[in-house]
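Colleague: This is the structure I have questions about; it appears just below.
The values are calculated or read from the model by the stated rules, or taken from the named source; none is laboratory data. All values derive from a computational prediction rather than experimental measurement. Cβ sites come from the backbone with ideal geometry, for glycine too, and all protein chains shown count toward neighbours. Side chains included, ligands, DNA and RNA excluded: accessible areas come from the protein's heavy atoms. Shrake-Rupley method; radii C 1.70, N 1.55, O 1.52, S 1.80 Å.
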Amino acid sequence: MNFDELPPDWRGQLAIDGSAEQPCLWLRGAWELRDDVPRYAAIAPQLANARRVSVGARDLERWDSSAVNFLAAVVRDARARNIEVDQSALPDGLRRMLALVFAVPAPPPRATPPAPGMLAGVGLAVLHAWRDWPAMIEFAGEIILSLGRFVTGRARYRRGDFAYLIEEVGPRALPIVSLISFLVGTILAYMGAVQLALFGASIYIADLVGIGVVREVAALMTGIILAGRTGAAYAAQIGTMQVNEEIDALRTLGVSPIDYLVLPRMLALIFMVPVLTLYAGIVGILAGMTIAVLVFDVGFYEYYNETLSALELKHFAVGLIKGTVYGGLVAFAGCLRGMQCGRSAQAVGESTTSAVVLGILLITISASILTIVFQKLGI
Amino acid sequence: MSAAQSKQAAPHIEIRNLTMAYGDYVIQRDLDFTINRGDIFVIMGGSGCGKSTLLRQMIGLVRPAKGTVLYDGVDYWAASPAQQVQRQRGFGILFQAGALWSSLTLAENVALPLQEFTTLAPDLIDEIVSLKLSLVGLGGFEQFYPSEISGGMKKRAGLARAMALDPEILFFDEPSAGLDPLSSRRLDDLILELRDSLGATVVLVTHELPSIFAIANNSVFLDADTRTMIAYGDPRELAEHGVEKVRTFLKRGAA
Ligand SMILES: Nc1ncnc2c1ncn2[C@@H]1O[C@H](COP(=O)(O)OP(=O)(O)OP(=O)(O)O)[C@@H](O)[C@H]1O
Ligand SMILES: [Mg+2]
């Protein structure tokens, strides 16, 4: 009586009768989960004065979750208003489904904290970046302790893993290191030669390329290649182990994940980086020589002798020291981000990205510091 | 429901002469059985005998080495990719390890199939998502991430996701592993309810004897030693009159 008209789309599926105090809702026809399925929210106002609601089915052909959803909304609303719902006219199946929906009382839904405003967001980001540094120092401390255990033979790790890591970092990186060093050597030679040729001093390409590559460029390029190749891999490997609770499993065995995972990776990189840097330097020099001889008509022996006289041991020392530092920092960034990884696939992606960014950032910072230090020392 | 009853005993899934192998290593050979519409069908067998592998071949993840799977008489593996996808939309799958998307909340996990395969309005999707989570006893956990809930809860959340689209066929790989006896009972009720109300066919791998006897009306037993099926039929019958190995299995080694 006196119920408003239902929307025409719904008349095939829903009917309301009874009184305003004791309304009856009848499901009928076919209930299928589609966008035009009747929604309780739309008819709730018509039941505002109800003291008792009956729900039932008349000529209900078939139904799926949409009907259960509708009825669940009726029951939920009725419970909130403390009124009774008579389900006796429902088919057994629907009644049992409904019982299952309410079988376990739901805990109050978790409040999601409001998203911070822009200013607060900037503040949080700064705080977050700031808190990163103590975490890095702590991690570095743990690595040093672990190194102590390693040196005294108390660190537990697997030799087989270590061999694999060495192979992964060293020999397998050779193709990409060769390619990039050769190209960079070529670029250096060209840039220098064009200028030097103006003065008829093409032979000094040898000095430029030799010293430039050995002292700076080989180490820098190796560092950056390793950040993208190995640092990212470390973060992804350790991060995935974090997701799968593999690191927790190690801890419960009393095995330090630093000893077992981090230190071998750091050492593998630190051992292999000098070799890679040296190799990159030699490839760079060969590239310079190729260009000078083929393009700028410098004699092969002249170039060879000039390179030998230009290069001193200290240049190699500087290059190798830099390379080793960069490699250590790349491994550090990769392992740190891996250990800090959260417990989801997305977190693994984020820590991998962050490992590369942090690796390159640390390389750049240390490159500046080392250059100034070597300058001051006059090396 | 009447629809479910009238189509009863019509073959829904047929496994025909199926051999599965990883490379040259044959896991099971010559599997041949039929699952009827509205069946609750259990795949039994010792650990490592190939139950999960069989499930993966049935749901179209891995092509069988030999033989095929028919749905409603249509050869799945001979169908075009578009038809295969169409068929897969009617599947609801619970993987053995849950396989929830770790970067999404429970609500987003359940909502994803609805968003991908229906044109429902977002608020209706939200309602359905809450409903499905309530059905598995996870109402109120919508905003939790998989890493923030227990192992058994992950199982149930996976189940809610499997049910999202009111699928025609539900594949469950050990749904009650990691559930307490009460939740396990509730799960059995839910499976029966899904079958009765929605007319779904349910294929499940389980070791839970109470569950098997409570809900299954047909089953197959895969044997790891002979690498083929050694029993096929109602588990209650098999427990009494089956071959010895199966009787022992179904009586917890006490036959
Ligand atoms: N990707 C794979 N490559 C090779 N062999 C595999 C692969 N996955 C599984 N197997 C082998 O196939 C066999 C069956 O595995 P499957 O996971 O199907 O067992 P299951 O019956 O589900 O066991 P459980 O009850 O323990 O889950 C096992 O012997 C396993 O070693
Ligand atoms: Mg399995």
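Colleague: Hey, what angle do you get for helix A:345-377 against the long axis of chain A, alpha-carbon based, 0 to 90 degrees rounded to 10?
Modeller: 30 degrees
Colleague: Can I ask one more? What is the mean number of Cβ atoms from other protein chains located within 10 Å of the Cβ atom of each residue in peptide B:116-125, rounded to a whole number?
Modeller: Mean number of neighbouring Cβ atoms from other chains: 2.
Colleague: In whole angstrom, how far apart do the alpha carbon centroids of the range B:136-203 and the range A:258-332 sit?
Modeller: Between the Cα centres of the range B:136-203 and the range A:258-332 lies a distance of 59 Å.
Colleague: Over the range A:118-377, give the accessible area per residue in Å² for a 1.4 Å probe, as an integer.
Modeller: On the way: 13050 Å² over 260 residues.
Normalised by residue count, the accessible surface of the range A:118-377 is 50 Å².
Colleague: Could I ask something else about it? Sort out for me the Cα centre separation of the range B:63-111 from the range A:108-129, rounded to whole Å.
Modeller: Cα centroid to Cα centroid, the span is 39 Å.
Colleague: Another question, then. Which Rg and Dmax, in Å, describe the Cα atoms of the range B:118-255?
Modeller: Over the range B:118-255's Cα set, Rg and Dmax evaluate to 17.3, 55 Å.
Colleague: Connecting C-alpha atoms closer than 10 Å in a GNM of chain A, tell me which of A:359, A:29, A:342 has the biggest fluctuation.
Modeller: The residue that fluctuates most here is A:29.
Colleague: Please list A:131, B:247 in order of solvent-accessible area, largest first, computed with a 1.4 Å probe with all protein chains present.
Modeller: A:131, B:247
Colleague: Return a whole-number percent for the relative contact order of the range A:3-103, with Cα pairs under 8 Å and 6 or more residues apart as the contact set.
Modeller: Normalised by residue count, the contact order of the range A:3-103 is 26 percent.
Colleague: Once you sort the root eigenvalues of the Cα gyration tensor of the range B:146-220 as a ≥ b ≥ c, which label holds: rounded (a/c under 1.5), prolate (a/b larger than b/c) or oblate (the other case)?
Modeller: Oblate.
Colleague: Choose one of B:46, B:133, B:200: the residue whose Cα lies farthest towards the positive end of the charge dipole of chain B (beta-carbon charges +1 Lys, Arg; -1 Asp, Glu; about the Cα centre).
Modeller: B:46
Colleague: Using a 10 Å cut-off on Cβ to Cβ distances, tally the other chain neighbours for every residue of A:343-351 and report the average as a whole number.
Modeller: Per residue, the number of nearby Cβ atoms from other chains is 3 on average.
Colleague: With all distinct Cα pairs included, what does the Kirkwood hydrodynamic radius of the range A:3-103 come out to in Å, to one decimal, could you say?
Modeller: When all Cα pairs of the range A:3-103 are included, the Kirkwood radius is 13.5 Å.
Colleague: How large is the convex hull of the C-alpha atoms of the range A:118-377 per residue, in Å³? Could you put the intermediate results ahead of the total?
Modeller: Working: hull volume 44.1 nm³, N = 260.
Enclosed volume per residue, from the Cα hull, is 170 Å³.
Colleague: Further, regarding this structure: Please work out the Cα convex hull volume for chain B and give it in Å³ per residue.
Modeller: Taking only Cα atoms, chain B has a hull volume of 133 Å³ per residue.
Colleague: Calculate the length of the line joining the C-alpha centroid of the range B:24-42 to that of the range A:235-250, in whole Å.
Modeller: 36 Å
Colleague: Also, I was wondering about something else. Ignoring ligands, DNA and RNA, what accessible area per residue does the range B:53-158 give at 1.4 Å, in Å²? Could the numbers behind the result be given before it?
Modeller: On the way: 4460 Å² over 106 residues.
About 42 Å² of surface per residue is accessible.
Colleague: How do the peptides B:9-18, A:191-200, A:152-161 rank, highest first, by the average count of neighbouring beta carbon atoms within 10 Å per residue?
Modeller: B:9-18, A:191-200, A:152-161
Colleague: Moving on to the next point. By DSSP, what percent of the beta bridges with both residues in the protein assembly as shown are antiparallel, rounded to the nearest 5?
Modeller: The antiparallel proportion sits near 50 percent.
Colleague: Now for a different question. Against the longest alpha carbon principal axis of chain B, how many degrees, from 0 to 90 and to the nearest 10, is the axis of helix B:122-135 turned?
Modeller: That helix lies at roughly 50 degrees to the long axis.
Colleague: In deg cm²/dmol and to the nearest 500, what is the mean residue ellipticity at 222 nm of chain A if only DSSP H runs of at least 4 residues count, each as -39500 (n - 2.57), divided by the residue total?
Modeller: Helix contribution divided over all residues of chain A: -21500 deg cm²/dmol.
Colleague: Between the helical axis of B:151-162 and the dominant principal axis of chain B, each derived from Cα atoms, what acute angle in degrees is found, rounded to the nearest 10?
Modeller: Roughly 80 degrees, rounded to the nearest 10.
Colleague: Total Å² of accessible surface buried at the B-A contact, 1.4 Å probe, nearest 100?
Modeller: 2800 Å²
Colleague: Then there is this: Can you pull the mean other chain C-beta count within 10 Å for peptide A:94-102?
Modeller: On the way: counts 3, 0, 6, 9, 1, 2, 9, 9, 3.
Mean inter-chain Cβ contacts per residue within 10 Å come to 5.
Colleague: Could you compute the FRET efficiency for residue A:42 and residue A:110, with r as their C-beta to C-beta distance and R0 at 30 Å, rounded to 0.05?
Modeller: Efficiency at R0 = 30 Å is approximately 0.60.
Colleague: A further question follows. Return the FRET efficiency for the residue pair residue A:198, residue A:290: r is the Cβ-Cβ distance, R0 is 22 Å, and the value is rounded to the nearest 0.05.
Modeller: The calculated FRET efficiency here is 0.55.
Colleague: Separate question: Count neighbours as other Cβ atoms within 10 Å of each site's Cβ, and list the trypsin sites (Lys or Arg not before Pro) in the range A:315-377 that are DSSP loop with at most 10 such neighbours.
Modeller: Details: sites: A:322, A:337, A:343, A:376; in loops: A:343.
For trypsin sites (Lys or Arg not before Pro) across the range A:315-377 that sit outside H, G, I, E and B with at most 10 neighbouring Cβ atoms in 10 Å, the list is empty.
Colleague: Residues of the range A:267-298 with amide nitrogen under 17 Å from the 7 Å Cα-to-Cβ point of residue A:167?
Modeller: Counting backbone N atoms under 17 Å from the label point, the list is A:268-269, A:272.
Colleague: Go through B:125-133, B:93-101, B:111-119 and give me the packing order, highest mean Cβ count within 10 Å leading.
Modeller: Ranked by mean Cβ neighbours within 10 Å, highest first: B:125-133, B:93-101, B:111-119.
Colleague: Counting other Cβ atoms within 10 Å, which GluC sites (Glu not before Pro) in the range A:4-79 have at most 12 and lie in a DSSP loop?
Modeller: Hits after loop and neighbour filter: A:5, A:21.
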